[in-house]
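The values are calculated or read from the model by the stated rules, or taken from the named source; none is laboratory data. Being a predicted model, the structure only gives us computed values, none of them experimental. Here the Cβ positions follow ideal geometry from the backbone for every residue, glycine too, while neighbour counts run over all protein chains shown.
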Amino acid sequence: MSLEAKFREDKNLAFLQDADWQDLKILANALIQDHSGTEQWTGELKSTLVESLSMHSESEELAYKSIWKAIAAEIQLYGGDTLVNLARRKGVEYEEILQDVAKKIKVDFHKETTAIDELEDRVLRKLFKRVTTLDELPQIYRTLEREGLLGLTSLTSDPWNTVKKGVGLGGNATAAAGASAIFAGLRILPQLAKVNPLVSAATLPLTLKDFSSPAYRVTIPAVCIIAMMRRKHDSNLYKDEF
Amino acid sequence: MEYQAFTFDESKFSSILKKAIENQEVVFRDGVAYWKKGLEKTGIIQHIPLKPVDMVSKDTFVNTLGSLQSSLQNTMVAVQAISTGTLLVATIIQTQILSKKIDAVRNAVIQVSQIAHEQNILFYTDKVSEYLSVVQNLQLILRSKEDGRAIEQLGNATLANSMQLKNQISFFILNLLSLVQNKEIKDDQHLGLILKFIQQIMEILPLGMHLEHILSHRLGQYQFSQNLIEDSAKKYAVLLDNYRGYLNFTNNKIKNFEIKAEDVPYFMQIKQPALDLISNRLHVELLEKPAKEALSIGYSEQPVLVNW
């Protein structure tokens, strides 16, 4: 099944088809590699992109625009439960991903009544104290890293925060004690845990549920980027085809 | 299939005309170059001979005219700043392009008449049939090389008919669009036929309107022909705004996954022709530009000969 075929029709990601291709490129890159340039353990997005770039060698713009569904599908897959994804072959809709991220960073919202763009605003404000723009990407990543929300990258630069916030052990004495034990394994992480979250999962004493739950190291930056893309898209005149 | 189109024979342009073109002081209308309104000079600069060029027709009427427009622009290196509307119309008047289009619209009218049972719709489809005949008559009169005075009576009668029917059709199309937008046409097949009919009318109306304007001009009604094209441009803009409103509304719903494309086959059938209609901007060449290009001509002046 091609990546595009795994795309779930999702009205909250539909605007990506009209988005600025350079923003799509930022989003695709954020899914393929982290901000330090280390490749993520991505599904097929990289190969889909390489193929598209070779098919549309005359226009990078066309190459990115023509794979917007594959980019959206990759986000949906990251947002889903890995094991459940294996069975259903598709991810989850963006609304669920956004709500998961919001819960993860403890944003207050009402599932039924908080609109998507409003919730995205709250996520950005919670993380960066204001609604940011795509021009501020380096600072955004620095903040996410400092907050321990970038998975492996955070783990190497600020292990305690990453373990506490990223894996969700904060406030629990037993878990915190367990977390101390985790640090023993951290010295080998930079060598082993380059690309594959399976490696980190093997190193950390995680439950099966922790391993298969949404990949926040990817979905948190992706949600931030999508939120900023949506602001930009909405502030432009709506692109009517006719 | 190849058609013969017409372009200006630049080799026969006078030096005054060339200079006026450079300074963007010219309006071409009905084969004659006039000084634009508001300049010191007024009246006719030169009667312009046309020369035939070959053009390849496309699958559809709108695409044929679109490709004609771009090929004419390429042949007129020196006069790129000038509207191609006048050449488009020269070609339309001289060739069978319009007759074929009228046949296609007539088919759409018949199909709508067969499914419609409401008396008011049937009344208006009759009016559309009449209008198609009037457009053919406009073409016929304009093709004639008779002096304006010789065709005056026939021309004025045709013009009056055309103006009346055009207004009725504009009103009818607005009503149909309102029915479509308010989902008052329940049957998908009927909806498909109605939309096809609207699309066909939207394609032919700018031509009918422009021919009407040219006939009025040829009859010596210089100021009135200008008022006529300004009014037609406004009427068509209202229709097009409404049509685009419906098209964008439906298309955006499909794009946002609120409805599935396969559930609106009637829309998918007209999507490409509607995109062609808007992207080719024929209405701009045939209505908007001439509406803004007032020419300077005194009531005593009259072009002596139309050289089509």
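Only residues that are of a type in the set (K, R) and surrounded by fewer than 23 Cβ atoms within 10 Å (Cβ to Cβ): list them for the stretch B:185-228, please. It would help to see each step written out before you state the result.
Initial filter on the stretch B:185-228 (of a type in the set (K, R)): B:186, B:196, B:218.
Those that are of a type in the set (K, R) and surrounded by fewer than 23 Cβ atoms within 10 Å (Cβ to Cβ): B:K186, B:K196.
Yes or no: the stretch B:16-26 includes at least one residue that is of a type outside the set (D, E, K, R), surrounded by fewer than 17 Cβ atoms within 10 Å (Cβ to Cβ), at pLDDT 85 or above and farther than 22 Å from B:E285 by Cα.
yes
Mind telling me which of the residues B:K196, B:K235 ends up being basic (K, R), in a helix (DSSP H, G or I), touching a helix residue (DSSP H, G or I) at 6+ places or on another chain (Cβ under 8 Å) and under 19 Å from B:S162 (Cα atoms)? So that I can check it myself, show each step before the final result.
Values: B:K196 fails: under 19 Å from B:S162 (Cα atoms).
The unique qualifying residue is B:K235.
Scan the stretch B:240-254 and report the pairs whose first residue is free of Cβ contacts under 8 Å to residues at least 40 places away in the same chain and more than 9 Å from chain A (Cβ to nearest Cβ) and whose second residue is assigned to a helix (DSSP H, G or I) and surrounded by fewer than 18 Cβ atoms within 10 Å (Cβ to Cβ), with Cβ atoms within less than 8 Å and a gap of 6+ or a chain change.
From residues that are free of Cβ contacts under 8 Å to residues at least 40 places away in the same chain and more than 9 Å from chain A (Cβ to nearest Cβ), the pairs are B:I254/B:A261.
Give the residues of the stretch B:88-145 that are in contact (Cβ under 8 Å) with a residue 24 or more places away in the chain, β-branched (V, I, T) and in contact with a Ser or Thr (Cβ under 7 Å, 6 or more places away or on another chain), sorted by residue number.
Of everything in the stretch B:88-145, those that are in contact (Cβ under 8 Å) with a residue 24 or more places away in the chain, β-branched (V, I, T) and in contact with a Ser or Thr (Cβ under 7 Å, 6 or more places away or on another chain) turn out to be B:I97, B:V109, B:V112, B:V134, B:I141.
Kindly evaluate A:N12 against the criterion of being among the polar types (S, T, N, Q) and within 14 Å of another protein chain (Cβ to nearest Cβ).
Numbers: among the polar types (S, T, N, Q): yes; within 14 Å of another protein chain (Cβ to nearest Cβ): yes.
Spelling it out, A:N12 is indeed among the polar types (S, T, N, Q) and within 14 Å of another protein chain (Cβ to nearest Cβ).
For the stretch B:185-202, check the following and say yes or no: at least one residue is among the acidic types (D, E), under 26 Å from A:D240 (Cα atoms), touching a residue at least 40 places away in the same chain (Cβ under 8 Å) and touching a Lys or Arg at 6+ places or on another chain (Cβ under 8 Å). Before the answer, list the steps.
Restricting attention to the stretch B:185-202, the residues satisfying the condition of being among the acidic types (D, E) are B:187-188.
Still in the running and under 26 Å from A:D240 (Cα atoms): B:188.
Filter once more, so that each one left must be touching a residue at least 40 places away in the same chain (Cβ under 8 Å): B:188.
Right, trim to touching a Lys or Arg at 6+ places or on another chain (Cβ under 8 Å) and you get none.
Within the stretch B:185-202, none of the residues are among the acidic types (D, E), under 26 Å from A:D240 (Cα atoms), touching a residue at least 40 places away in the same chain (Cβ under 8 Å) and touching a Lys or Arg at 6+ places or on another chain (Cβ under 8 Å).
Yes/no matrix, rows are residues, columns are (1) surrounded by fewer than 17 Cβ atoms within 10 Å (Cβ to Cβ); (2) over 22 Å from A:I140 (Cα atoms); (3) over 14 Å from the mean Cα position of the chain (by Cα); (4) of a type in the set (K, R):
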{"residue": "A:K6", "(1), (2), (3), (4)": "no, yes, yes, yes"}
{"residue": "A:N12", "(1), (2), (3), (4)": "no, yes, yes, no"}
{"residue": "A:E44", "(1), (2), (3), (4)": "no, yes, yes, no"}
{"residue": "A:E60", "(1), (2), (3), (4)": "yes, yes, yes, no"}
{"residue": "A:A63", "(1), (2), (3), (4)": "no, yes, yes, no"}
{"residue": "A:I97", "(1), (2), (3), (4)": "no, no, no, no"}
{"residue": "A:K104", "(1), (2), (3), (4)": "no, no, no, yes"}
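Restricting the search to the stretch B:262-290, which residues are away from chain A (no Cβ under 14 Å) and not charged (D, E, K, R)?
Quick first cut of the stretch B:262-290, residues away from chain A (no Cβ under 14 Å) only: B:264-266, B:269, B:282, B:284-290.
Correct list: B:V264, B:P265, B:Y266, B:Q269, B:L282, B:V284, B:L286, B:L287, B:P290.
Residues are listed down the side, and each one gets a yes or a no for (1) over 25 Å from B:R281 (Cα atoms); (2) small (G, A, S); (3) assigned to a helix (DSSP H, G or I):
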position: B:N161; (1), (2), (3): yes, no, yes
position: B:I169; (1), (2), (3): no, no, yes
position: B:V180; (1), (2), (3): no, no, yes
position: B:E184; (1), (2), (3): yes, no, no
position: B:Q189; (1), (2), (3): yes, no, yes
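Conditions: (1) more than 10 Å from every other protein chain (Cβ to nearest Cβ); (2) within 28 Å of A:F7 (Cβ to Cβ); (3) of a type outside the set (A, V, I, L, M). B:N227 meets all but one. Number of the miss?
Tallying (1) more than 10 Å from every other protein chain (Cβ to nearest Cβ); (2) within 28 Å of A:F7 (Cβ to Cβ); (3) of a type outside the set (A, V, I, L, M), B:N227 fails exactly one: (2).
For the structure I just gave you, tell me whether A:E118 is surrounded by fewer than 21 Cβ atoms within 10 Å (Cβ to Cβ) and in contact with an Asp or Glu (Cβ under 7 Å, 6 or more places away or on another chain).
Details: surrounded by fewer than 21 Cβ atoms within 10 Å (Cβ to Cβ): yes; in contact with an Asp or Glu (Cβ under 7 Å, 6 or more places away or on another chain): no.
So A:E118 does not fit the description; no.
For the stretch B:148-159, which residues satisfy the criterion of being in contact (Cβ under 8 Å) with a residue 12 or more places away in the chain and in a loop (DSSP other than H, G, I, E, B)?
As a first pass, look at the stretch B:148-159 and keep what is in contact (Cβ under 8 Å) with a residue 12 or more places away in the chain: B:148, B:151-152, B:154-156, B:158-159.
Correct list: B:G148, B:I151.
Just give me the residues in the stretch B:103-126 being surrounded by 18 or more Cβ atoms within 10 Å (Cβ to Cβ) and under 22 Å from the mean Cα position of the chain (by Cα), in sequence order.
Of everything in the stretch B:103-126, those that are surrounded by 18 or more Cβ atoms within 10 Å (Cβ to Cβ) and under 22 Å from the mean Cα position of the chain (by Cα) turn out to be B:V105, B:A108, B:V109, B:Y124, B:T125.
Identify the residue in the stretch B:201-223 that is over 23 Å from B:F61 (Cα atoms) and touching a helix residue (DSSP H, G or I) at 6+ places or on another chain (Cβ under 6 Å) and, among all such residues, is farthest from the other protein chains (Cβ to nearest Cβ). Working first, answer last.
Residues of the stretch B:201-223 over 23 Å from B:F61 (Cα atoms): B:216-223.
Subsequent filtering for residues that are touching a helix residue (DSSP H, G or I) at 6+ places or on another chain (Cβ under 6 Å) retains B:216-217, B:219.
Numbers: B:S216: 31, B:H217: 32, B:L219: 37 Å.
The residue in question is B:L219.
Does A:K69 meet the test of being within 14 Å of chain B (Cβ to nearest Cβ) and either modelled with pLDDT under 90 or over 18 Å from the mean Cα position of the chain (by Cα) (or both)? Lay out the reasoning, then the answer.
Values: within 14 Å of chain B (Cβ to nearest Cβ): yes; either modelled with pLDDT under 90 or over 18 Å from the mean Cα position of the chain (by Cα) (or both): no.
Here the answer is no, as A:K69 does not meet what is asked.
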